[in-house]
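The values are calculated or read from the model by the stated rules, or taken from the named source; none is laboratory data. These numbers come from a predicted model, not from an experiment. Here the Cβ positions follow ideal geometry from the backbone for every residue, glycine too, while neighbour counts run over all protein chains shown.
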Amino acid sequence: MPTISIDDQTIDVPEDSTVLDAANRLGIEIPTLCFLKGYLPSTSCQVCLVRERESGKLMPSCATKVTDGMQIDSETPEVHAARRTALELLLSDHVGDCLAPCFFACPAHMDIPLMLRQLSKENLHGAIETIKKDIAIPAILGRICTKPCEKGCRRSSADDPVSVCELKRYAADQDLDAEQVYAPECAADSGKRVAIIGAGPTGLSAAYYLRQRGHACRLIEATKQLGGRLRHEPDPESLPRETLDAEIQQIVRLDVDVQTETPVDSREAFENLAESHDVVLIAAGADAMNLADEWSLKTSRRGLEIARETYQTERANVFAAGSAVRGKCLFVRSAADGKEVAQCIDQYLSGKSVAAPAKPFTSRLGRVATDEMKQFLAGAVSVPVQILTKQEEYSSDQVSDQVSDQSNRCLSCGCVAHGNCRLENYSARYGADPNRFGSRQGNYEVLGRGGNVLFEPGKCIKCELCIQIAAESRESLGLSFVGRGFDVRVGVPFGGSYDEAMGELAEKCIAACPTGALYFDPKAE
């Protein structure tokens, strides 16, 4: 049996083993895109590169046979740089969005396409769970938000945006009216206590997400009722008080301690809070600026001075967010701050270094040409734009169909493989820059409309895995490469459909696809 050393770890392996086999036996993870165990390696992606010490050469580990005494480097800066370059070259030819434009337009970064897919299939429980992962007060915001997500909706350049806010409000209202409202699972008691000064959109949201992490929260409000500026800025017609009260109660039910008519307007009161709690979060809106001197905190031009990335003041255990630091801001921005500051506070309470909430990696399609927009529209429902109107109409027999139709107007800009795409995940791990080698060259295109399986050639890296897998079927047409040079792509013989080409092996082909180029149509029945 030959002996190999990888990163100074030595192991004996069977004859004909590859370097990748040896690494797996040692527990060393080498990234792969075009390789799948049991199938012939194509060595096309070059993401699994390693370095042989003696020659200094870089080689694909998936196809390099082990020789006795071989010494390999895998986890070194040089090898990582080579893998990063390989990923960046693939990304330079990648035509697709990891995340939809509406994700970036929404300050709370909610997964809007997922919510819309769930609503289109009448999965209300899944939709409210998706919404509340990022927005603690959707019934409130669904009524008073200025809809930045809809301004970022790609469909707005073709006709009108998807009615995201009304759909979010619909799901939240249905939840409020349910016999058993949605309640997130909260972690076991951490033993940490957080005092939150101010119970407006920022304070309420922070309490909601901190409780899920097991931290005890005390909401301290100077007035008689929770809600802060939600009580007086929107008029009762835009935001019915019963809706406001009901959604606040959903947060309080997570075992949040409440103290109303308790102004923290003196140095002694503030210091007592800081001493009796592990963290103090200031979410008191404009009042915070007026009380900064009493609290011995510095101010900026708009509000309290903080480290923008972490929401920390100069006192490590005192955080501030929302209008307290920004001046007056959008309600959805205040709520988003509450979610983000909760993440930072959780890091602090867990003894970790406090850092900004991680930004997801994404490849972005950018400007869409007219012909490309036609490709998007071909997969979406075209219905009248304003289908949801007043709250009292939600109980009509037509609403369910209206919600489904409006949800299906979504162009599905984001990748359905987001989170499970190996190209995306490895690019994030190695810090790949999707724009290093310039903007995309290919056109957005979707093949297979009308069937269950869709194919986006602009995402395909020609790894050949789907071709090898489909060839195992004795009843299906199979797949093959068609075209020449830069125009080569995976195609179906005799002009058949992708459903016919893969048959019963479609699921296996889709699971093997490393980039989300092959997938089941999320809107198919």
The residue from Asp173, Asp189 that alone is farther than 28 Å from Ala288 by Cβ, under 29 Å from the mean Cα position of the chain (by Cα) and buried (at least 18 other Cβ atoms within 10 Å of the Cβ) is Asp173
Note: among Glu507, Glu472, just one is out of contact with any helix residue (DSSP H, G or I) (no Cβ under 9 Å at 6 or more places or on another chain), surrounded by fewer than 17 Cβ atoms within 10 Å (Cβ to Cβ) and under 21 Å from Phe35 (Cβ atoms), namely Glu507
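If only one of Glu75, Glu52 is at pLDDT 95 or above and under 34 Å from the mean Cα position of the chain (by Cα), which one is it? Show your work before the answer.
Working: Glu52 fails: under 34 Å from the mean Cα position of the chain (by Cα).
Sole residue among the options that is at pLDDT 95 or above and under 34 Å from the mean Cα position of the chain (by Cα): Glu75.
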Restricting the search to the stretch 244-278, which residues are among the hydroxyl-bearing types (Ser, Thr, Tyr) and in contact with a strand residue (DSSP E or B) (Cβ under 7 Å, 6 or more places away or on another chain)? Thr262
Return the residues of the stretch 431-449 that are in contact with an Asp or Glu (Cβ under 9 Å, 6 or more places away or on another chain), part of a loop (DSSP other than H, G, I, E, B) and not basic (Lys, Arg); say none if nothing qualifies. Ala432, Asp433, Pro434, Asn435, Phe437, Gln441, Gly442, Asn443, Tyr444, Glu445, Val446, Gly448
So how many residues does the stretch 409-430 have that are more than 12 Å from the chain's Cα centre (by Cα) and outside any helix (DSSP H, G or I)? 6
So Glu340, is it in the same structural domain as Arg229 (by TED's automatic domain parsing) and either charged (D, E, K, R) or touching a Cys at 6+ places or on another chain (Cβ under 6 Å) (or both): yes
Positions within the stretch 436-466 being closer than 29 Å to Ala380 by Cα and of a type in the set (A, V, I, L, M), in sequence order: Val446, Leu447, Val453, Leu454, Ile461
Selected residue [of a type outside the set (Asp, Glu) and at pLDDT below 90] from Pro493, Pro457, Pro514, Pro434: Pro493
Subset of the stretch 306-359 (residues that are free of Cβ contacts under 8 Å to residues at least 40 places away in the same chain, of a type in the set (Asp, Glu) and in a helix (DSSP H, G or I)): Glu340
Given (1) part of a helix (DSSP H, G or I); (2) within 25 Å of Ser382 (Cα to Cα), identify the lone condition not met by Ala82. (2)
How about the stretch 114-166: which helices (runs of 4 or more DSSP H) wholly inside it have at least 1 residues that are at pLDDT 95 or above and among the polar types (S, T, N, Q)? 124-132
Out of the stretch 496-506, which residues are under 29 Å from Arg409 (Cβ atoms) and either modelled with pLDDT of 95 or more or in contact with an Asp or Glu (Cβ under 9 Å, 6 or more places away or on another chain) (or both)? Ala506
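Please enumerate the residues belonging to the stretch 458-486 that are outside any helix (DSSP H, G or I) and among the aromatic types (Phe, Trp, Tyr). Before you say what the answer is, go through the steps one by one.
Let us first name the residues in the stretch 458-486 that are outside any helix (DSSP H, G or I), namely 460-464, 471-484.
Hit for the stretch 458-486 is Phe481, nothing else.
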Take Thr130 and decide whether it is within 16 Å of the chain's Cα centre (by Cα), among the polar types (S, T, N, Q) and not assigned by TED's automatic domain parsing to the domain that holds Tyr209. yes
Within the stretch 307-320, which residues are crowded, with 21+ Cβ neighbours inside 10 Å and either at pLDDT below 95 or under 22 Å from the mean Cα position of the chain (by Cα) (or both)? Thr310, Tyr311
Is there any pair with a first residue in the stretch 420-437 that is polar (S, T, N, Q) and a second that is part of a helix (DSSP H, G or I) and at pLDDT 95 or above whose Cβ atoms are under 6 Å apart and which are 6 or more apart or on different chains, and what are they? Ser427/Leu87
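Which one is surrounded by the fewest Cβ atoms within 10 Å (Cβ to Cβ), of the residues in the stretch 284-305 that are in a loop (DSSP other than H, G, I, E, B) and of a type in the set (A, V, I, L, M)? Before the answer, list the steps.
Looking only at the stretch 284-305, we keep the residues that are in a loop (DSSP other than H, G, I, E, B), and these are 284-286, 292-298, 300-303, 305.
Then keep just the ones that are of a type in the set (A, V, I, L, M); that gives 284, 286, 292, 297.
Numbers: Ala284: 31, Ala286: 13, Ala292: 20, Leu297: 21.
Only one residue fits best here, namely Ala286.
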So for the stretch 151-161 (the condition being surrounded by fewer than 23 Cβ atoms within 10 Å (Cβ to Cβ), outside the structural domain of Ile345 (by TED's automatic domain parsing) and among the hydrophobic types (A, V, I, L, M, F, W, C)), does at least one residue qualify? yes
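Restricted to the stretch 22-33, and to residues that are under 12 Å from Ile72 (Cβ atoms) and of a type outside the set (Val, Ile, Thr), which residue is surrounded by the most Cβ atoms within 10 Å (Cβ to Cβ)? Explain how you work it out, then say what you get.
Restricting attention to the stretch 22-33, the residues satisfying the condition of being under 12 Å from Ile72 (Cβ atoms) are 22-23, 26, 28, 30.
If we keep only those that are of a type outside the set (Val, Ile, Thr) too, we end up with 22-23, 26.
On the way: Ala22: 27, Ala23: 24, Leu26: 17.
It comes out as Ala22.
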